[in-house]
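Student: Sending over a structure as structure tokens; questions will come in a sec.
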Amino acid sequence: MLMEPKRGASGPVQLDEDSRVWVSALTAHGFQRDRAVTRLHDLLLRAARSEVGRRRSTLLHLSPAELDDLVVQAADDALFAVLRRLEDFRGLSRFTTWAYKFAVLEAGVKVRRRAWQGREVPLEPSHWSSVVDSDPSPLEAVEHHELGAAIRRAILADLTERQRTVLVALAVEGVPIDVLAERLQTTRGALYKTLHDARQKLRAALATYGFGPLPTPEDRT
């Protein structure tokens, strides 16, 4: 019987019967594995189709055939990810629940990328002023002109060009982080780190200007 250690627990966790059957079939050979992979792909197709349908409003320009293609791509990539990470399954949920999440993630990423396909991602300095100057803006709730001026000064004077770029794209323009990572040829983790550093710099700068802590645009997303 397949057993898996539970993280942080004193003893092993026994897989439920359905999960045990799934894992056993997917780690088998020949026809048994091929049949299990086909069944898994069908499950992931249903999950991806459900997620794409949920996000349909962002893809109104796509035809039914294009949406189906997006669903298949998401299911294919999810299948590869599940099989590659099969050893990571710990039995803390049912196998089908665990696998389903891969399809939802892949579908979400593909929908966001497709929605932004052909759209400009604001990376140029000309967009930086929109952080504080557009109407309405992320700072429209700031009631005092002096505080607004301090924030403008901090963004333009204390952040690096990279930090301003990431801040504007993610927090102001609403660019999905995986889309921005692709455009900038970097990783989601690196962008999160840059955004975090930008927030810390803004808060430190405002403190030096005599203002207390203030949520940055990132905090409102």
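Student: List the residue pairs whose Cβ atoms are under 7 Å apart, where the first residue sits in the range 148-173 and is free of Cβ contacts under 8 Å to residues at least 24 places away in the same chain, the second is of a type in the set (V, I, T), and the two are 6 or more positions apart or on different chains.
Tutor: G148/V132; G148/V142; R152/V132
Student: If you scan the range 159-188, which residues turn out to be surrounded by fewer than 17 Cβ atoms within 10 Å (Cβ to Cβ) and more than 26 Å from K110 (Cα to Cα)?
Tutor: T160, E161
Student: Can you name every residue in the range 65-94 that is small (G, A, S) and farther than 23 Å from S19 by Cα?
Tutor: The one that is small (G, A, S) and farther than 23 Å from S19 by Cα: A65.
Student: May I pose another question? What do you reckon, is D34 part of a helix (DSSP H, G or I), touching a helix residue (DSSP H, G or I) at 6+ places or on another chain (Cβ under 6 Å) and not assigned by TED's automatic domain parsing to the domain that holds G174?
Tutor: Numbers: part of a helix (DSSP H, G or I): yes; touching a helix residue (DSSP H, G or I) at 6+ places or on another chain (Cβ under 6 Å): no; not assigned by TED's automatic domain parsing to the domain that holds G174: yes.
The answer is no for D34.
Student: Something else now. Just need a number here: residues in the range 54-76 that are at pLDDT 90 or above and either over 18 Å from the mean Cα position of the chain (by Cα) or outside any helix (DSSP H, G or I) (or both).
Tutor: 5
Student: I would also like to ask the following. Among the candidates W128, W116, single out the residue that is buried (at least 18 other Cβ atoms within 10 Å of the Cβ), of a type in the set (F, W, Y) and either modelled with pLDDT of 80 or more or within 19 Å of the chain's Cα centre (by Cα) (or both).
Tutor: When all the criteria are applied, what remains is W116.
Student: Now a separate question. Only one residue in L195, L191 is over 18 Å from R114 (Cβ atoms), over 12 Å from the mean Cα position of the chain (by Cα) and surrounded by 15 or more Cβ atoms within 10 Å (Cβ to Cβ), so which one is that?
Tutor: L195
Student: Could you please let me know if R49 is under 10 Å from A107 (Cα atoms), at pLDDT 90 or above, surrounded by 13 or more Cβ atoms within 10 Å (Cβ to Cβ) and basic (K, R)?
Tutor: Working: under 10 Å from A107 (Cα atoms): yes; at pLDDT 90 or above: yes; surrounded by 13 or more Cβ atoms within 10 Å (Cβ to Cβ): yes; basic (K, R): yes.
Answer is yes for this residue.
Student: Going residue by residue through the range 53-64, is there one that turns out to be of a type in the set (S, T, N, Q), over 27 Å from D16 (Cβ atoms) and touching a Lys or Arg at 6+ places or on another chain (Cβ under 9 Å)?
Tutor: Yes, there is a match, as at least one residue in the range 53-64 is of a type in the set (S, T, N, Q), over 27 Å from D16 (Cβ atoms) and touching a Lys or Arg at 6+ places or on another chain (Cβ under 9 Å).
Student: Among (1) among the hydrophobic types (A, V, I, L, M, F, W, C); (2) surrounded by 14 or more Cβ atoms within 10 Å (Cβ to Cβ); (3) modelled with pLDDT of 80 or more; (4) assigned by TED's automatic domain parsing to the domain that holds R199, where does L79 come up short?
Tutor: For L79, the exception is condition (4).
The values are calculated or read from the model by the stated rules, or taken from the named source; none is laboratory data. None of these values were measured; they are calculated from a predicted model. Reconstructed Cβ throughout: ideal geometry from the backbone, glycine too, with neighbour counts over all protein chains shown.
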